[in-house]
2 protein chains.
Amino acid sequence: MKASIVTIGDEILIGQIVDTNSAFIAKQLDKVGVSVVEMKSISDDKNDILSTLNEYLNNVDVVIVTGGLGPTKDDITKKTFCEFFDDSLIENTEVLTHVKELIEGFYKRPITQINKEQALVPSKAHVLFNKVGTAPGMWLQKENTVYISLPGVPYEMKYLIENEVIPKIVKDYKRPYILHKTILTYGVGESLLAEQIEDWENNLPNFIKLAYLPSPGRVRLRLSARGTNEGVLKNAIDNEVIKLKVLIGDVIVGYDDDEPIEVVLGRMLSEKGLTLATAESCTGGKIAQTIASVSGASSYFKGSVVSYATEVKAKVLNVSQELINKHSVVSAEVAEAMVKSVQDLLKTDIAISTTGNAGPLKGDSDAEIGTVFIGIAIKNNVFVEEFNFGQPREKVVDRAVNKALEMVYKEILKK
Amino acid sequence: MKASIVTIGDEILIGQIVDTNSAFIAKQLDKVGVSVVEMKSISDDKNDILSTLNEYLNNVDVVIVTGGLGPTKDDITKKTFCEFFDDSLIENTEVLTHVKELIEGFYKRPITQINKEQALVPSKAHVLFNKVGTAPGMWLQKENTVYISLPGVPYEMKYLIENEVIPKIVKDYKRPYILHKTILTYGVGESLLAEQIEDWENNLPNFIKLAYLPSPGRVRLRLSARGTNEGVLKNAIDNEVIKLKVLIGDVIVGYDDDEPIEVVLGRMLSEKGLTLATAESCTGGKIAQTIASVSGASSYFKGSVVSYATEVKAKVLNVSQELINKHSVVSAEVAEAMVKSVQDLLKTDIAISTTGNAGPLKGDSDAEIGTVFIGIAIKNNVFVEEFNFGQPREKVVDRAVNKALEMVYKEILKK
């Protein structure tokens, strides 16, 4: 079963916003065995929308369109749908009642003419009721293709995908199984890795595809199998992973099902009843924020001291000015003092510290741009590693955040 | 002048990664007057790539392709380009030397056969030299369309766009001017705003387009003008903004040129010589991290105490347990105590505090999920506001971060 995803909006074509809707939709479709064959972003122009709708007619089973459903004039999706389906707009009573309740109840004002128009839908549409916003979703069929139109506001789109679209697809269509397995490798570059597993890769069964997903310091290998029997696919993938372990077992650090490291680490800390704190300089609070982004983090994450200015390291973390003068603020000694101090201050089992120079200019230290010292304390075991994460600034910070979380993860795994 | 952007990669079509490259490229093209008419993400499949290249032939002036240029087997862009341009691969000496230096110098190992193959480029290609990675970019022309292929790794792509692609487009093509002006409004919903400015909108000159960009709590109005004379466009837009001010001047809070609030605020703090600190509970360090993401932030950002656990509020921020017991940890009183305490502790002019319940479960307090108290201290002026940012968790945190930065920004503007 094939799908295309279309995003409508000039704000995307001028780069003002990043389209995150398509990735979310693709992931949900993929999980239920629907293959996304193409994603497209087009302008708010009637002719562009019509030609895209026509292009996919009978070529894919489902087209999911987001954007162009808000209350204002620059939203023309609904009118264009009417033209494409040779249909006209009618008022949907249930939607109108909901819009009224939302506007009058929440915003405490009478609804406007424009609000009323949100309750107009093409007469042939199956309405996807949007409990979290005013624009309803629509499900319409032409020949062999279903067209689904959703609002572009991310949380409204997510609500409709999860509660209306996916359940209806699962009910209406027979789909194949798609299984993915991602193998996380560490410390070996993409090209070297590719040479080591070349023979294995050439002998993969034809229903399994391999992709390399490199990012700084690690390469994820993704195996994707597609077929009708889930058990067969699972066995085939497990079998290939066993062969891969023989070849590169020493660089495999884990298997992830698209779970970011902060989720995996969080579950581990929670299970083991361990608590965590951070003392951050060059990462500016991003390690804390990444840890805190996981729901339930309050059971293991105590807090953080972001000591961006050197004086805060001295004042709040009691890192002595003497130590800073002697070794410089970007040094293993300062990272060690910071990590011990925050572990002690916040009374946690584990602590992480960072001090470095993210650039683009040198700050309070002469350290090379990209230099980061990461300190880890796990109970009485304290150690510091030095890295150079290159440039630019955002890459240095992101690599430091990932590396710090990985260091803690690997250290706890050893126990 | 028209362009299309194509992203190649199955990892995008299964939703494993969000395509941020296209937005970056679109923004850079838009700045120099190139209109992006379509963006597309397609699979790593030769036929899909070929049919996309053919589809754009003579329909746009430039096609920018990212992805599919890494060192491994699943990268087939180069071979497909050869087929499309009826060309063959030749070794580029300059690229080979660079790959060797990078691998042998930085990774301290001999180059592999796969690395060597990265120096192969189509013989007709103008090579875009990639100083920050091993995969070169390529610029090739067929009939009236130029095809540019770039690596998918974001910072390599960015380097090539900024240093090679845009300068060459500016040199080779005559382009129209595109001017955007974004008007930031605050506190009025999209539909109500639309009714208030309906007549004005209907009378806009035909070379100016209006778009509504709503996000929780604010609506940005974007005016885009296109033409050959920059002065004329500028005058026309300024003129429309004056008319708009008469209609909705009371809800306009600013004009942004796509600069996020942390950049605008940072510049303001820097100019006025003011310093800032944060004490964060439910935002988990995200305000700190957002402020620190701006280069040069170290001149005004001192640091932060992330007091995720209640005991950290007591211990590090000296918020008395009595106060917490009396008012609950999610309260105006605690937000006020936190903001005063961190301002005092880190000796800053300005401080921000947050305490709230981001959900999905209730934590150390009975406060409704979505409740956030934001405290602001500007010298001796301290105030707290209460919000309910709804659900889900990430929306609560993002809205709290934006709101806190806006509160500081507006407060300083008043002075």
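Relative to its residue count, segment B:324-415 spans a Cα convex hull of 89 Å³ per residue. Applying 0.36 nm per residue to the separation of B:Asn47 and B:Glu91 and subtracting their alpha-carbon distance, the gain on full extension is 13.3 nm. In a DSSP loop and with at most 16 other Cβ atoms within 10 Å, the trypsin sites (Lys or Arg not before Pro) in segment B:314-368 are B:Lys347, B:Lys362.
For chain A, the average shadow cast by the Cα convex hull is 25.1 nm², which is a quarter of the hull's surface. Computed from the C-beta positions of A:Asp366 and B:Ser328 and an R0 of 60 Å, the FRET efficiency is 0.80 to the nearest 0.05.
In this rough spin-label picture, where each label sits 7 Å from Cα along the Cβ direction, the A:Lys168-B:Met268 distance is 4.5 nm.
Among beta bridges identified by DSSP and lying wholly in segment A:261-414, the antiparallel ones come to about 60 percent. The GluC sites (Glu not before Pro) found in segment A:363-392 that occupy coil by DSSP, while having at most 15 further C-beta atoms within 10 Å, are A:Glu368.
For segment B:143-195, the set of chymotrypsin sites (Phe, Trp or Tyr not before Pro) satisfying both a DSSP loop assignment and a count of at most 16 other C-beta atoms within 10 Å is given as B:Tyr173.
Let me confirm one metric for peptide A:307-316, namely the mean number of other chain beta-carbon atoms within 10 Å of its residues' beta-carbons.
Mean partner-chain Cβ count within 10 Å for A:307-316: 6.
Taking other Cβ atoms within 10 Å as a rough exposure proxy, A:Thr7, B:Thr93, A:Thr283 sort from fewest to most as B:Thr93, A:Thr7, A:Thr283. Taking the axis that rotates chain B onto chain A, the chain B residue nearest to it by Cβ, with the distance rounded to whole Å, is B:Gly285, 2. Would you list which aspartates and glutamates come within 15 Å of A:Lys78, measuring only between C-alpha atoms, while excluding same-chain residues fewer than 8 positions from it? Within the straight-line cut-off, A:Lys78 pairs with A:Asp44, A:Asp45, A:Asp48, A:Asp86, A:Asp87, A:Glu91, A:Glu117.
Show that you can apply the helix-only estimate: for the protein assembly as shown, add -39,500 (n - 2.57) for every DSSP H stretch of four or more residues, divide by all residues, and state [θ] at 222 nm to the nearest 500.
The helix-only estimate for the protein assembly as shown comes to -11500 deg cm²/dmol at 222 nm.
Counting only other chain Cβ atoms within 10 Å of each residue's Cβ, the peptide A:4-15 averages 6. What whole number of Å gives the distance from the Cα centroid of segment B:84-146 to the Cα centroid of segment B:174-198? About 44 Å separates the Cα centre of segment B:174-198 from the one of segment B:84-146. Reported to the nearest whole Å, the Cα centre-to-centre distance from segment B:28-48 to segment A:359-415 is 36.
Take A:Glu101, move 7 Å from Cα toward the beta carbon, and the resulting point lies 6.8 nm from the same point in each other copy, nearest first. Placing a pseudo-label 7 Å from each Cα along the Cα-to-Cβ vector at A:Lys347 and A:Glu83 gives an inter-label distance of 6.8 nm.
Note on chain B: GNM, Cα springs under 10 Å; of B:Ile208, B:Ile324, B:Ile287, the largest mean-square fluctuation is that of B:Ile324. Compactness of segment B:38-190 was expressed as the Cα radius of gyration divided by 2.2 N^0.38 Å, which yields 1.21.
Shown here are the Rg and Dmax of the Cα trace of segment A:129-254, at 20.0, 55 Å. Take A:Leu274, push a point 7 Å out from Cα through the beta-carbon direction, and compare it with the same point in every other copy: 4.2 nm, smallest first.
What does the C-alpha gyration tensor say about the overall shape of the protein assembly as shown? Classify as rounded when a/c is under 1.5, otherwise prolate if a/b is larger than b/c, or oblate. In terms of gyration-tensor shape, rounded. With 22 Å as the limit, the listed pairs A:Lys347/B:Lys315; A:Lys79/B:Lys245; A:Lys171/A:Lys234; A:Lys40/A:Lys209; A:Lys410/B:Lys116 have A:Lys79/B:Lys245; A:Lys171/A:Lys234; A:Lys40/A:Lys209; A:Lys410/B:Lys116 beyond it between alpha carbons. Computing FRET efficiency as 1/(1 + (r/R0)^6) for A:Asn144 and A:Glu230, where r is the C-beta to C-beta distance and R0 is 30 Å, gives about 0.70. Placing R0 at 60 angstrom, the Cβ-Cβ distance between A:Asp250 and A:Asn59 gives a FRET efficiency of 0.85 after rounding to 0.05. Converting phi to 3J(HN,Hα) with the Karplus coefficients 6.51, -1.76 and 1.60 and the offset θ = phi - 60°, segment B:309-326 yields 7, 4, 5, 6, 4, 6, 6, 7, 9, 6, 7, 5, 4, 4, 4, 4, 4, 5 Hz in sequence order, with x at every glycine or proline. B:Gln196 label point (Cα plus 7 Å toward Cβ) to equivalent points in the other copies: 6.2 nm, shortest first. Taken residue by residue and averaged, Cβ atoms of other chains lying within 10 Å of the Cβ of B:153-163 number 1.
Throughout, read-outs are computed from the coordinates displayed, never taken from laboratory work. Here the structure is a predicted model, which is why all the values come from computation and not from measurement. Methodologically, a virtual Cβ is constructed for each residue, glycine included, from the backbone with ideal geometry; neighbour enumeration extends over all protein chains shown.
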